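One structure is given below, encoded as C-alpha cells.
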Amino acid sequence: MAVQQKKGRPVSGGAVLRERVTEAITEAAFGELADAGYARLSMVAVARRAGVGKAALYRRWPSKQAMITELIRSKVTETLPRTPATGALHTDLRELLAAYRSQLANPLLALIGAELLAESRRDSTLATMLHTEVAAPRRLAARAILQDAIDHGELPPTLDMDLATDLLIAPLVFRMVLIDGHSDDDYLETLTAATLAALKAAVRRP
C-alpha cells in the first residue's frame, strides 16, 4: 500500500511505521479470527501475533468489536463487486456470480465469513454490522441488475424483488461457505441458467 505524501512534504518515518504496524495488526486480526473464532479472539492475542504491544491496538480501536468492525468494513470496501451492465440479464447474472465466486474462493475469507455468520446469531451488534457492511451492498448490486432487467422487459414488473435478490446470492454462498462444494465454470453456467428460470417465476402473488 503506497504511503501518500501531503502538500509536497516527505512522509515521515513515523507515518511509514504506523502504516506498517496497522498492516501487521490487520493481518494478525484476520489470522486470529480464523484460528480462534470471534468469541475467543482477544486483543492480547492479536497484539502478540502482530509483534506489537497492546497499546498499539488500543490507540486505533477502543475494543475488539470496534477493531473487527472497522477491518471488516475496509475489507468489504475493497471487494465490493462491480455491478455488471452487459445489456443482457443472462450475462449480467453470469458476471455477478463469477465475482461472488472469486470472493468466496478465498479460504481465509470463507472461514472468517462462516465464523462471523455463526457468531452473529448471538451478537446483535455484529449481526447489524454484517447486514450493513457485507450483505446490504451486495444486495444493492443484485437489485440493480434485476431492476435493469425489468426496465428492459426481461423480467416482469411484478417481480418479488426480495425473493429474486435471495435467488441471486444465497445458493452460491450456501454451496461455497456452508458445504464447501465445488463451483467450477460448468457449475456456474448451470446456476446462471437455473437462477434465470427461477427469477421468471418469482413474481408477487395478488
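Table for the structure above
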| item | result |
| --- | --- |
| Ala149, sole failed condition from (1) closer than 13 Å to Leu97 by Cα; (2) part of a helix (DSSP H, G or I); (3) in contact (Cβ under 8 Å) with a residue 24 or more places away in the chain | (1) |
| Identity of the residue in segment 14-25, open to solvent by less than 60 Å² (accessible area, probe 1.4 Å) and more than 17 Å from Lys75 (Cβ to Cβ), that ends up modelled with the highest pLDDT | Val21 |
| All helices (runs of 4 or more DSSP H) inside segment 26-96 with 3 or more residues being modelled with pLDDT of 90 or more and over 28 Å from Ala141 (Cα atoms) | 43-50, 54-58 |
| Matching residues in segment 170-206 - criterion: being among the basic types (Lys, Arg) and more than 19 Å from Gln147 (Cβ to Cβ) | Arg175, Arg205 |
| Pairs with Cβ under 6 Å, 6+ apart, first in segment 56-68 and under 23 Å from Leu109 (Cα atoms), second open to solvent by less than 30 Å² (accessible area, probe 1.4 Å) and part of a helix (DSSP H, G or I) | Leu57/Met43; Leu57/Ala47; Trp61/Met67; Lys64/Met43 |
| Residue list for segment 135-146, filter: open to solvent by 60 Å² or more (accessible area, probe 1.4 Å) and touching a helix residue (DSSP H, G or I) at 6+ places or on another chain (Cβ under 8 Å) | Arg139, Arg143 |
| Evaluation of Arg122 against (1) part of a helix (DSSP H, G or I); (2) more than 12 Å from the chain's Cα centre (by Cα) (one fails), failing number | (1) |
| Hits in segment 108-131 (condition: without any contact (Cβ under 8 Å) to a residue 12 or more places away in the chain, open to solvent by 30 Å² or more (accessible area, probe 1.4 Å) and in contact with a helix residue (DSSP H, G or I) (Cβ under 9 Å, 6 or more places away or on another chain)) | Arg121, Ala127, Thr128, His131 |
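To keep it simple, each residue is scored yes or no on (1) out of contact with any strand residue (DSSP E or B) (no Cβ under 8 Å at 6 or more places or on another chain); (2) among the hydrophobic types (A, V, I, L, M, F, W, C); (3) part of a loop (DSSP other than H, G, I, E, B); (4) surrounded by fewer than 16 Cβ atoms within 10 Å (Cβ to Cβ).
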position	(1), (2), (3), (4)
Glu154	yes, no, yes, no
Leu168	yes, yes, no, no
Val173	yes, yes, no, no
Gly181	yes, no, yes, yes
Lys200	yes, no, no, yes
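The values are calculated or read from the model by the stated rules, or taken from the named source; none is laboratory data. None of these values were measured; they are calculated from a predicted model. FYI the Cβ positions are ideal-geometry reconstructions off the backbone, even for glycines, and counts take in every protein chain you see. Just so you know, the surface numbers come from the protein's heavy atoms only, side chains and all, with ligands and any DNA or RNA stripped out. Shrake-Rupley method; radii C 1.70, N 1.55, O 1.52, S 1.80 Å.
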